[in-house]
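Please find one structure pasted underneath; my questions will follow.
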Amino acid sequence: WEMLNRNPCDAVDPPKAARGLMHTYDLDQTAELIEAMRPTRMLVPTLLAVLCGMRRGEVAALRWKNIDLVAGQLAILESAEQVASKVRYKTPKSGKGRTLALSASLVEELRAHRLRQAEELLKVGVRLSDNTFVVAQADGTPLQPDTLTQDWFRKLADPSLPRIRFHDLRHAHATHMLSSGVHPKVASERLGHSKIGITLDLYSHVL
């Protein structure tokens, strides 16, 4: 009715959302997890999350054209966003892409995965190309982010490992970096945070 000159709610500080306790894996548990996932289709998604800090949507959107196995680099240019049964591909959460350096062991894992995937696709008459999704169904069709989450919880049956979310593997990567002495600015860029303050706030318990 325009009877007030100003909104009284503007003078009120909203309550801060309480941040829950962060659950993740230490280095020993991470090594145990990788070995537990090795015989499953969740091995590569797990490696990308826990060794590269990639988000679920970034893993689901990754294509072979984004990986340079010779240079040992991976470019994150897209993220898959799922609403109900529909998936759309957009820029990553920070609004821009980023390039990650890959360890020699991860490069070898990806080479082996590419070979396995090519052989698997040939059985259904599909040829692997640069546009093929790195993490995909047996016939090469993209994996939905929700399906990735469901597969994670189905495969995470090892009673010796805490039951955490797939996203918490990203936290494990960040924790391992910072506790090993990696500069927060470097960690922030690798994780794709828009500001270093986000990294410092999220992982202050490690620092």
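Among residues other than ALA187 whose Cβ falls under 14 Å from its Cβ, what is the net charge (Lys/Arg +1, Asp/Glu -1)? Before the final figure, lay out each step's value.
Numbers: positive: ARG98, ARG170, LYS185, ARG190, LYS195; negative: GLU189, ASP201.
Its environment carries a net charge of +3.
Tally up the carbon and sulfur contribution to the accessible surface of the stretch 30-153 as a whole percent, 1.4 Å probe, everything protein left in place.
Working: 3200 of 6100 Å².
That fraction is 52 percent.
Could you please tell me the mean projected area of the C-alpha convex hull for the stretch 100-143, averaged over all directions and given in square nanometres to one decimal?
Values: hull surface 13.2 nm².
Averaged projected area of the stretch 100-143's Cα convex hull equals 3.3 nm².
P(r) for the stretch 1-81: what percent of alpha-carbon pairs falls in each 5 Å bin, starting at zero?
Going from the shortest bin to the longest, the percentages are 3, 11, 14, 14, 13, 11, 5, 6, 6, 6, 5, 4, 2, 0.
Find how much the distance from GLN150 to ALA138 grows on full extension, using 0.36 nm per residue of separation minus their present alpha carbon separation; answer in nm with one decimal. If you can, show how the numbers build up before the last one.
Values: separation 12, 0.36 × 12 = 4.32 nm, distance 1.64 nm.
Result for the pair: 2.7 nm of gain on full extension.
Next question, about the same structure. In the neighborhood of GLY125, defined by Cβ-to-Cβ distances under 15 Å, what is the net charge if each Lys or Arg adds +1 and each Asp or Glu adds -1?
Numbers: positive: LYS123, ARG127; negative: GLU119, GLU120, ASP139.
With Lys, Arg at +1 and Asp, Glu at -1, the net is -1.
Where in the chain are the helices, taken as whole DSSP H runs, whose Cα atoms extend 30 angstrom or more along the long axis and whose Kyte-Doolittle mean reaches at least 1.0?
Numbers: long enough: none.
The qualifying helices: there are none.
Return one whole number: the accessible area per residue of the chain in Å², for a 1.4 Å probe.
Working: 12210 Å² over 207 residues.
Counting only protein heavy atoms, the per-residue value for the chain is 59 Å².
Moving on. Ignoring ligands, DNA and RNA, how do THR149, THR132 rank by accessible area with a 1.4 Å probe, largest first?
Numbers: THR149 35, THR132 15 Å².
Largest accessible area first, the residues go THR149, THR132.
Let me ask something else. Considering every Cα-Cα pair within the chain, what fraction, in whole percent, is farther apart than 27 Å? Each step should come with its number before you reach the end.
Working: 7732 of 21321 pairs.
Percent of Cα pairs beyond 27 Å in the chain: 36.
If the elastic network links every pair of Cα atoms under 10 Å, which of ARG170, ARG56, ARG127 fluctuates the most in the Gaussian network model of the chain?
ARG127
Additional query: Express the Stokes-Einstein translational diffusion coefficient of the stretch 107-207 in µm² s⁻¹, to the nearest whole number, given a Kirkwood radius over alpha-carbon pairs, 10 °C and a viscosity of 1.306 mPa s. Spell out each step's value before the answer.
On the way: Rh = 16.4 Å.
Here the translational diffusion coefficient equals 97 µm²/s.
When the convex hull of the C-alpha atoms of the stretch 56-96 is computed, what volume per residue in Å³ does it have? Could the numbers behind the result be given before it?
Working: hull volume 2.9 nm³, N = 41.
In the stretch 56-96, the Cα hull volume divided by residue count equals 72 Å³.
Determine the principal axes of the Cα atoms in the stretch 64-126, then give the extent along each, sorted from largest to smallest and rounded to whole angstroms.
Reported extents, whole Å, longest axis first: 32, 32, 15.
Which aspartates and glutamates have a Cα lying under 15 Å from the Cα of LYS93, excluding residues fewer than 8 positions away in the same chain?
Straight-line reach from LYS93, under 15 Å: GLU58, GLU78, GLU81, GLU189.
Rounded to the nearest 10 Å², what accessible area does GLU119 show when all protein chains are kept and the probe is 1.4 Å?
Approximately 100 Å² for this residue.
Can you grab the distance from the C-alpha centre of the stretch 5-69 to the C-alpha centre of the stretch 91-125, Å, no decimals?
Each part's Cα centre sits 17 Å from the other's.
Taking 7 Å along the Cα-to-C-beta vector as the label spot, tell me the LEU27-ASN5 distance in nanometres, rounded to one decimal.
6.4 nm
The values are calculated or read from the model by the stated rules, or taken from the named source; none is laboratory data. Just so you know, these numbers come straight off a predicted model, no measurement behind them. Neighbour counts run over all protein chains shown; Cβ positions are idealised from the backbone, glycine included. Side chains included, ligands, DNA and RNA excluded: accessible areas come from the protein's heavy atoms. Shrake-Rupley method; radii C 1.70, N 1.55, O 1.52, S 1.80 Å.
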